[in-house]
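Working notes for the structure below.
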Amino acid sequence: MFHFYRYSFITKPLTSIILSDEMCPACNKKGCIEVTLYLRYAKVFIPILSMGRPTSVCCIECGHEIKSVNTPLFDKNKYSPGVTNGIKDIQASRKRSLLEFINPWTVFILLGLALTYGLISLWSFSSNKTDNNELLKSPKVGDIYKVNIDSMFISADEKAVENKISKTLFKIMDIKNDTLLMVRNKHKAEGIGLSESDWNSLSRKNNDFGNTPYKISSKGISEKKEILEFFNKKKMDSINKTDVVKSTNPFHFSKSIGKIPDYNGIEIIERK
Ligand SMILES: [Zn+2]
């Protein structure tokens, strides 16, 4: 029968030394006491957990066993100074390999750390999300929005269209029903804003924002996380005139300027 979880404990000798000055208490011969260092590990197809590095001491002449490899870790037996030193020496002589560090305790501690980290990041992420959503639902004058802007550039030879992403800030100056009157920061930074610090270089000062407000759809921000600018009246009238099916959907009368970052951990709206 096949067991997926078939495991075994392996005790593998790593190295051994002969204690030349030690005498065997059984056969009284000298220079035949051997100290062996083992590596013990649990194995499920592949070695997974180190269970320590036990030692054994025995006479290679008569087979007398001074210390068994299965002696418990906190061994109360007294050995001769020569044997005690021999055990110390052999343990110090071999550096621990990576495998030997992966013992049950390290795995336990690592799992604990990973779990703690996961819970903390999950908690901070979800609290950030709710904050953002609360603010999105109830825009207030003075709110500053982080915005990634997609701009199309025609290349010098006019053959290719290049897409450049930059980031800037929009600020609410007034609110009229579904329309937010927003001014745009005079500066922008290149590249997409993936983390909070990407927006740090932009000034939040009043005089760093332009004077002409954009008419932005509040619905576009809360529903699509998009900065949608309403067309002017002339264009809206012409759309109304030419369209066969009359639309009241604000998205039908606006064009996209940029997108609000909708990913991990970014404070979309800054409110004082
Ligand atoms: Zn012996």
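The values are calculated or read from the model by the stated rules, or taken from the named source; none is laboratory data. The model shown is predicted, which means the values in this text are computed figures rather than measured ones. Don't worry about glycine lacking a Cβ; one is built from the backbone with ideal geometry, like all the others, and counts go over all protein chains shown. Note: areas computed on protein heavy atoms with side chains; ligands, DNA, RNA excluded. Shrake-Rupley method; radii C 1.70, N 1.55, O 1.52, S 1.80 Å.
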Only one of Thr15, Thr55 is under 29 Å from Leu110 (Cα atoms), modelled with pLDDT of 90 or more, more than 16 Å from the ligand (Cβ to nearest atom) and touching a helix residue (DSSP H, G or I) at 6+ places or on another chain (Cβ under 9 Å). Can you tell me which? Thr55
Residues located in segment 53-79, provided they are part of a strand (DSSP E or B) and surrounded by 14 or more Cβ atoms within 10 Å (Cβ to Cβ): Thr55, Ser56, Val57, Cys58, Cys59, Ile66, Lys67
Condition broken by Thr212, with the remaining ones in (1) over 22 Å from Lys146 (Cα atoms); (2) exposed (fewer than 11 other Cβ atoms within 10 Å of the Cβ) satisfied: (1)
Qualifying positions in segment 220-266 - at pLDDT 85 or above and within 22 Å of Ser124 (Cα to Cα): Ser222, Lys225, Ile260, Pro261
Condition check: open to solvent by 80 Å² or more (accessible area, probe 1.4 Å) and either within 12 Å of Val147 (Cα to Cα) or touching a residue at least 12 places away in the same chain (Cβ under 8 Å) (or both). Does Lys224 satisfy that? yes
Give me a count of the residues in segment 192-227 that are part of a loop (DSSP other than H, G, I, E, B), of a type in the set (D, E, K, R) and out of contact with any strand residue (DSSP E or B) (no Cβ under 8 Å at 6 or more places or on another chain). 1
Inside segment 176-209, the number of residues satisfying the requirement of being open to solvent by 60 Å² or more (accessible area, probe 1.4 Å) and over 36 Å from the mean Cα position of the chain (by Cα) is 4
How about segment 61-84: which of its residues are within 16 Å of the ligand (Cβ to nearest atom) and free of Cβ contacts under 8 Å to residues at least 40 places away in the same chain? Glu61, Cys62, Gly63, Glu65, Lys67, Ser68, Tyr79
Report, by residue number, each residue of segment 205-239 that is touching a Pro at 6+ places or on another chain (Cβ under 7 Å) and of a type in the set (Lys, Arg). Lys219
Give me a count of the residues in segment 227-263 that are within 18 Å of Asp143 (Cα to Cα) and open to solvent by less than 20 Å² (accessible area, probe 1.4 Å). 5
